Amino acid sequence: MHVFAVLAAAVLFGTTGTSQALGPDDTTPLSIGVMRMVIGGTGLALLAGVLARRHARRRPADAPPAPRSGVRPLLLMAVTGICLALYQPLFFLGTERNGVAVGTVVALGSAPVMAGLLEWLLTRRLPSATWAVATGAATIGVVLLGAGGDATGGGGTDPAGLLGSLGAAASFAVIANVQRRLLDAGWDPFTVVGGMGASSALVALPALPFVDVSWLGEPVGLAMALWLGLGTISVAYVLFTWGLGGLTAATAATLTLGEPLTAAILGLTVLGERLSVLAVIGLVVLGIGLALLARGSRAPRDPRPFAVEG
């Protein structure tokens, strides 16, 4: 169930590009990103709060005591919210400078590698061989998908855009590892994700007066904002964090490569885009990598907590 929860979150993440393409023409990446965080972060905090209280009422009497609140866990939750807010402009910078295909490939393709390396640095445990093989296959699939689907033929890669995409990947890797750390410490997953939502909304809220959101007055614009906020942030991250409770951060990050798979399928079926033979091969390789990882993740996760301090 944990694998399918993360895959479901990846599917929701993958609808972002199509939703933007179907939205109003007068939007900007910054205005969409800010509204997505304000709506999504607030909705995430409210939804997770309800689920956390419900989960607490069903807590078994013989369950270990809940961890005590303190400055450290609150700071860690705030870190995830800041990273979630930073992900938006960094990701859009990459796609703006280098195109959607290249920017998305760099961001999504490098996130699992960064998450696995960061997890190894924090826990001193190498990811499994299954993770390495599945991540390699999935990453190759993403690269093929991006290279084959790029019809612009533009040469060269903009350094600032490349740094933006890598920064977005690093932000997601930090989110996955910090949330995994909090879950290992005994924190309820819905409390963890609710803290991320609240802090991300607080980070984005001050920017709201400085962006043009007049497109919210159009029905299609309001629908887009609500879906991007509630569907691809609130619901998606509840599923992702709950699924993370039974997986390693590296495995969860690799499973989210289902996002470009979803985006490509929606581009073909909804937006009428066409993929080259190379891109189709990339889709197949990506699907094989995700299937391999899902199969290899059936074994229970190592219950030992992170040994960060040694």
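The values are calculated or read from the model by the stated rules, or taken from the named source; none is laboratory data. If you're wondering where the values come from, they're calculated on a predicted model, not measured in any experiment. All Cβ positions, even for glycine, are placed from backbone atoms using ideal geometry, and neighbour counts span all protein chains on display. In case anyone asks, the SASA skips ligands and DNA or RNA and just uses the protein heavy atoms, side chains included. Shrake-Rupley method; radii C 1.70, N 1.55, O 1.52, S 1.80 Å.
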(Q) Step by step: find N for segment 1-123, compute 2.2 N^0.38 Å, then divide the Cα radius of gyration by it. What's the final number? (A) 1.31
Q: Please give the solvent-accessible surface of Ile281 in Å², to the nearest 10, using a probe radius of 1.4 Å with every protein chain present.
A: 80
Q. Quick one: accessible area per residue over the chain, 1.4 Å probe, rounded to a whole number of Å²?
A. 47
**Q.** Segment Met1-Arg54, extension gain: residue separation times 0.36 nm, minus the distance between their alpha carbons
**A.** 17.1 nm
Q: Report the longest stretch of the chain that contains none of the trypsin sites (Lys or Arg not before Pro) sitting in a DSSP loop with at most 16 other Cβ atoms within 10 Å.
A: 126-273
(Q) For the chain, place one equal point scatterer on every Cα, skip the solvent, and apply the Debye formula. What is log10 of I(q)/I(0) at q = 0.07, 0.08, 0.11, 0.15 Å⁻¹? (A) -0.26, -0.34, -0.65, -1.22
Q) Taking springs between alpha-carbon atoms closer than 10 angstrom, which of Gly272, Gly136, Gly94 fluctuates most in the Gaussian network model of the chain? A) Gly272
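For Ile288 and Asp25, what is the calculated FRET efficiency with R₀ set at 30 Å and r taken between the beta-carbons, to the nearest 0.05? Walk me through the numbers on the way to the answer.
Details: r = 38 Å, r/R0 = 1.26.
It comes to 0.20.
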Q | Where labels lie 7 Å past Cα in the beta-carbon direction, separation of Arg68 and Arg124 in nm | A | 2.6
Q) With each run of n ≥ 4 DSSP H residues scored as -39500 (n - 2.57), what mean residue ellipticity at 222 nm is computed for the chain after dividing by its residue count and rounding to the nearest 500 deg cm²/dmol? A) -24000 deg cm²/dmol
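Helix by helix through the chain, keep the DSSP H runs that span 20 Å or more along the axis on Cα and average at least -0.5 on Kyte-Doolittle, and give those back in order. Don't skip to the answer; put the middle values down first.
Details: long enough: 29-57 (41 Å, 0.87); 71-123 (40 Å, 1.25); 129-149 (30 Å, 1.45); 159-184 (37 Å, 0.83); 189-204 (23 Å, 1.34); 277-296 (29 Å, 2.40).
Length and hydropathy pass: 29-57, 71-123, 129-149, 159-184, 189-204, 277-296.
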